[in-house]
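Encoded as structure tokens, here's the structure I'll be asking about.
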Amino acid sequence: MTNETALSDDRTEIERLDKEYVFGTWSFQSEVDPTEIVGGEGVRFTDAAGNEYIDFSGQLMCSNLGHSADGVADAIAEQAREGAYFAPGFATEARARLGEKLAEVTPGNLSKTFFSTSGTEAVEAAIK
């Protein structure tokens, strides 16, 4: 039995499905060993075995307001009812109002913001 087989015997169904059907990030695919997360609150999250972790990478990536933040969930749901996504060529109230607020707090005469869905897109736009 290989180490890969030994690891897979201990995986949850979700971990096995993730390993088989999802590309892992920042690793050789043969070395990806996903951990199933079943919930989170604030700065902590819990895996399928009940282990609790402090999420030190959440702020770095995208959840700097914490997990299960009611205000964030409510705002997302409200926006999704109006429309979850519109192409950049269309104006939405949320994007226009946020652009205005950012212009108020940025230094000098910086008054326009480019909204992107990823760092790659932002860098590409900056180069163009």
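Which pairs do you get when a residue that is within 23 Å of residue 53 (Cβ to Cβ), found in region 63-82, comes within reach of a residue that is of a type in the set (D, E, K, R), reach meaning Cβ atoms under 8 angstrom, with the pair 6+ apart or on two chains?
Here the result reads 63/55; 66/41; 67/41; 67/44; 67/55; 68/41, each pair linking region 63-82 to a residue that is of a type in the set (D, E, K, R).
Let me ask you something else. I'm checking my understanding of the structure. Among residues of region 39-97 that are under 30 Å from residue 11 (Cα atoms) and of a type in the set (S, T, N, Q), which one is most open to solvent (accessible area, probe 1.4 Å)?
Going through the qualifying residues, I end up with 59.
Sort out for me the helices (runs of 4 or more DSSP H) sitting completely within region 1-88 that have 1 or more residues that are modelled with pLDDT of 90 or more and over 17 Å from the mean Cα position of the chain (by Cα).
Working: elements: 3-9, 13-21, 58-61, 70-82.
The helices (runs of 4 or more DSSP H) meeting that bar are 13-21, 70-82.
The values are calculated or read from the model by the stated rules, or taken from the named source; none is laboratory data. Everything numeric here is computed off the predicted structure, so don't read it as measured data. Note that each Cβ is placed from the backbone with ideal geometry, even for glycine, and that neighbours are counted across all protein chains shown. With ligands, DNA and RNA removed, areas are computed over all heavy atoms of the protein, side chains included. Shrake-Rupley method; radii C 1.70, N 1.55, O 1.52, S 1.80 Å.
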